[in-house]
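Enquirer: Below you'll find the structure I mean.
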Amino acid sequence: MVSADNLPFDVLPLIFGQLQVGVDLLSVALVSRSFFGGVLPLIYEEIEMHPRLVKRLRHTQSPFETLLKHRDLCPFVRRIAIHAFPRQEGWPSSVIYEQLETLFPHLRNLRAFAFTVPDPSSSIDLLLPSLASSTSLKELSIMGQRINLKSAELLLGAGHGAVPSLDQGLGLEKLNIKTLSPGLHRALLRWIERNKATLQSLSIRHSLSFSDSTLQSILNIVPRLAELKLLHCGNVDHWRVFDALEQADRLKSLALTILDYSSPPPAVVQLSSVTRLWLRFNAALSEGAPQNITPSVCGILERFRTCQLETLTLESAGACPLPAKVVENVRDADFKTLRKLSFAGFTPSNEQLERICEGCPNLEVLRADLSIDWSRSWASVASAISKAKRLHTFLSSLALQSAESASNTVQGRFAIAEAKILFAAVPSLQRIVNANRCWLRGINDSDHPRYEMVRQRNASLVLPTV
């Protein structure tokens with residue numbers, strides 16, 4: 001129920017319009033003028049065009065059309081993300097381009113813009129003049145494979161405005177590019193140079209043209225980079241990346257895709273500033289994978305031995321037993337500051353889990369993709385993770401293995417009985433995420449008033465990464 005007391009009448013259509021497109025809005029009683037300063041800014045703070053919304057555009061207006069009709073809502077917009085464009089008859093994508101082009105001059109508080117439409121027929125080129133004139137922009141995420149040199153040079157103005165300014169606060173803080181085109185690659189260093197005073201985070205994905213030498217040139221321009229992600233870049237050697245990062249003494253977060261299992265070089269460079277480390281081992285796995293991967297993983301972890309790591313993610317491209325030497329390396333590194341640990345794709349044994357939890361006393365979040373025989377006791381799993389006295393979240397993509405056939409492994413999920421065993425053994429545990437279920441301490445019984453809400457939410461739950 002909504003009371004119209006002191007409520008401008010033109011707000012009501014906006015409320016019901018949001019409800020029609022699936023936006024969750026809590027019922028509010030006795031709404032006053034504070035509604036403008038409370039709920040509406042939250043509704044319009046982030047606008048996202050995703051496939052589900054695009055399908056409904058034939059029956060409702062786009063969020064950009066709403067903003068055009070109500071310009072007083074534009075100051076609330078902080079982030080825009082476009083992941084899909086309409087392809088329906090009667091709703092050409094050019095309409096969205098026109099709406100955005102008209103809106104941009106009014107979005108004076110826009111800080112983040114993302115354009116990640118995979119459709120080759122959808123291009124960001126029509127929006128480039130508007131992006132280049134924006135002075136409030138701090139974060140930019142784009143698909144770069146269709147951007148030519150002329151367009152890339154126009155994008156140099158993003159975050160600065162079309163007219164050069166002496167304001168030192170202007171410039172991008174986060175730059176995320178998927179697939180560098182030749183033109184964008186040629187303009188990249190100039191882009192970095194122009195934003196060197198503000199740039200803190202750089203992410204390059206799926207780019208064969210990006211190399212170790214390019215990274216070295218970037219670090220020479222921006223030695224104080226705080227976050228770096230190089231994912232699926234085929235010409236990047238991770239050992240050379242570590243050597244180059246020796247000069248990045250303020251780097252806090254590092255994400256790398258490891259494309260080969262080469263042994264570490266003799267010289268060891270210690271990277272002491274990193275607190276968040278994410279590594280995905282993407283080389284093809286075979287029966288001898290645990291032995292092949294061990295020198296590479298241990299050699300990498302050795303370089304972060306002196307770090308005050310808070311988050312560590314080791315992810316395998318396929319199911320792979322966790323090598324014993326990796327467990328010992330994690331324990332011996334004495335990661336007493338580690339709060340979040342994820343083994344995605346690696347399957348540790350109960351003994352390995354116990355040793356890890358003992359060696360990381362401040363662990364709060366743990367992901368371990370278990371491979372459990374039906375005959376194995378769940379009490380032993382609970383006993384292993386109970387060594388982490390501060391653990392409040394346990395995540396697992398469980399592979400249940402049939403006792404009749406050791407080779408018959410299927411994806412599965414455990415039931416309330418297994419969840420209760422874990423809750424009973426680990427007093428600090430508050431949440432268990434498994435497959436598409438989330439178990440919360442104390443409300444897993446059907447007679448609990450919040451049980452139905454949790455059950456419905458679990459239907460759409462996606463296993464998060466640490």
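The values are calculated or read from the model by the stated rules, or taken from the named source; none is laboratory data. Values in this document were obtained by computation on a predicted structure and should not be read as measured data. As a convention, Cβ positions derive from the backbone with ideal geometry for all residues, glycine included, and neighbour counts pool all protein chains shown.
Enquirer: Condition check: of a type in the set (S, T, N, Q) and either surrounded by fewer than 18 Cβ atoms within 10 Å (Cβ to Cβ) or at pLDDT below 85 (or both). Does THR198 satisfy that?
Expert: yes
Enquirer: Which members of the range 323-333 meet the condition of being surrounded by 19 or more Cβ atoms within 10 Å (Cβ to Cβ) and either closer than 15 Å to ASN282 by Cα or of a type outside the set (A, V, I, L, M) (or both)?
Expert: Matches in the range 323-333: PRO323 only.
Enquirer: With respect to the numbered conditions (1) surrounded by fewer than 18 Cβ atoms within 10 Å (Cβ to Cβ); (2) at pLDDT 90 or above; (3) outside any helix (DSSP H, G or I), which one is the sole condition not fulfilled by GLN216?
Expert: GLN216 satisfies every listed condition except (3).
Enquirer: Collect the residues in the range 358-367 that are modelled with pLDDT of 90 or more and outside any loop (DSSP other than H, G, I, E, B), keeping them in residue-number order.
Expert: Within the range 358-367, VAL365, LEU366, ARG367 meet the criteria.
Enquirer: Out of everything in the range 369-378 that is at pLDDT 65 or above and farther than 18 Å from ARG355 by Cβ, what residue ends up being surrounded by the most Cβ atoms within 10 Å (Cβ to Cβ)?
Expert: Applying the first criterion (at pLDDT 65 or above) to the range 369-378 yields 369-371, 377-378.
Retained after the next criterion (residues that are farther than 18 Å from ARG355 by Cβ): 377-378.
Values: SER377: 11, TRP378: 16.
The residue in question is TRP378.
Enquirer: Here is a check on your reading of the model: is ARG87 modelled with pLDDT under 80, over 19 Å from PRO182 (Cα atoms) and exposed (fewer than 15 other Cβ atoms within 10 Å of the Cβ)?
Expert: Here the answer is yes, as ARG87 does meet what is asked.
Enquirer: Restricting attention to the range 291-308, and to residues there that are farther than 11 Å from VAL330 by Cβ and touching a strand residue (DSSP E or B) at 6+ places or on another chain (Cβ under 9 Å), which single residue is modelled with the highest pLDDT?
Expert: The extreme case among them is ILE300.
Enquirer: Test LEU30 against the stated conditions and say whether it is among the aliphatic types (A, V, I, L, M), over 23 Å from LEU131 (Cα atoms), at pLDDT below 85 and assigned to a loop (DSSP other than H, G, I, E, B). Walk me through how you get there before you give the answer.
Expert: On the way: among the aliphatic types (A, V, I, L, M): yes; over 23 Å from LEU131 (Cα atoms): yes; at pLDDT below 85: yes; assigned to a loop (DSSP other than H, G, I, E, B): yes.
The answer is yes for LEU30.
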